[in-house]
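The values are calculated or read from the model by the stated rules, or taken from the named source; none is laboratory data. All figures in this text were calculated on a predicted structure; none of them were measured in a lab. As a convention, Cβ positions derive from the backbone with ideal geometry for all residues, glycine included, and neighbour counts pool all protein chains shown. Please note that ligands, DNA and RNA were not included when accessible areas were found on the heavy atoms of the full protein model with its side chains. Shrake-Rupley method; radii C 1.70, N 1.55, O 1.52, S 1.80 Å.
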Amino acid sequence: MKKELSELSLKELWALFPIILKEHNPKYKEWYEIEKRQLLSSINNQDIKRINHIGSSAVEGLIAKPTIDILLEVDSTCELTELIKTLNKNSWNLMSSEFQPDLRLALNKGYLLEGFAEKVYHLHVRHLGDWDELYFRDYLLDHPDIAAQYGILKLRLGKEYEHNRDGYTEAKSEFIMKYTKKAKVEYAGRYIAN
């Protein structure tokens with residue numbers, strides 16, 4: 001009898017879904033746009049405040065996991081239970097949820113018992129805000145030299161943490177925070193919610 005993904009241990013999940021890094025795929029932008037349209041057509045538009053393509057796949061030329069990261073910012077009055085139900089109906093699986101102090105829902109699409117689908121997505125749902133991911137993305141877009149350094153770091157860490165996603169993410173955090181701080185100075189308040 002086959003297990004469901006939700007029944008797999010963390011070790012089994014990491015073995016099934018290792019850190020894979022690939023050259024930038026020009027189709028990432030198109031895949032993001034397709035999924036954005038699907039989100040806009042399935043979610044109450046009054047609830048959506050902003051949608052952005054974030055993460056390494058949003059930076060042309062940057063080595064990346066072949067995963068499209070999407071930041072979906074919703075209104076503070078959004079009925080979250082209904083939103084999660086709607087997303088589930090549209091093949092999104094809730095992986096983690098945090099409601100306090102800030103809303104942080106993490107959902108994915110494209111993770112199968114056989115491994116990764118052709119298109120893999122991570123959806124980060126939050127209330128409208130001044131989020132670090134937006135600043136870091138913009139900094140990499142505007143500073144190709146820093147993006148290249150980040151790519152080298154990712155390649156090194158990808159080998160070291162191939163079957164440890166948490167370790168991989170943690171090992172990148174110092175670099176990410178350093179340049180996010182620089183971005184927040186350079187782009188002062190670009191994403192402050194009104």
Q: Report, by chain and number, residues whose modeled amide H sits under 5 Å from the one on Gly61, excluding near sequence neighbours (fewer than 5 apart, same chain).
A: His24
Q: Quick one: which residues, 5 or more positions from Val74 or on another chain, have an amide H under 5 Å from its amide H? H modelled 1.01 Å from N in the peptide plane, none for Pro or chain starts.
A: Lys49, Arg126, His127, Leu128
(Q) For a quick check of understanding: with a 1.4 angstrom probe and all protein chains in place, what accessible area in square angstrom does Lys172 have, to the nearest ten? (A) 20 Å²
Q. Per residue of the chain, what 222 nm ellipticity follows from adding -39500 (n - 2.57) for every DSSP H run with n ≥ 4, rounded to the nearest 500?
A. -14000 deg cm²/dmol
Q | For segment 9-17, 3J(HN,Hα) per residue [Karplus equation, 6.51 cos²θ - 1.76 cosθ + 1.60, θ = phi - 60°, Hz, x = Gly/Pro] | A | 6, 4, 4, 5, 5, 5, 5, 6, 10
Q) Distance in nm between label sites at Gln100 and Arg190, each 7 Å beyond Cα in the beta-carbon direction? A) 3.4 nm
Q: Order the following by accessible area, largest value first: Met177, Met95. Probe radius 1.4 Å; ligands, DNA and RNA are ignored.
A: Met95, Met177
Q) What per residue convex hull volume, in Å³, do the alpha-carbon atoms of the chain yield? A) 128 Å³
Q. How much length is gained on full extension from Lys27 to Ser9, taking 0.36 nm per residue of separation minus their Cα-Cα distance?
A. 3.3 nm
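Can you give the Kirkwood hydrodynamic radius for segment 40-146, in Å, rounded to one decimal and based on Cα pairs?
Working: mean 1/r = 0.0676 Å⁻¹.
It is 14.8 Å.
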Q. Tell me which aspartates and glutamates have Cα within less than 14 Å of Lys119's Cα, excluding those fewer than 8 residues away on the same chain?
A. Glu30, Glu33, Glu35, Asp69
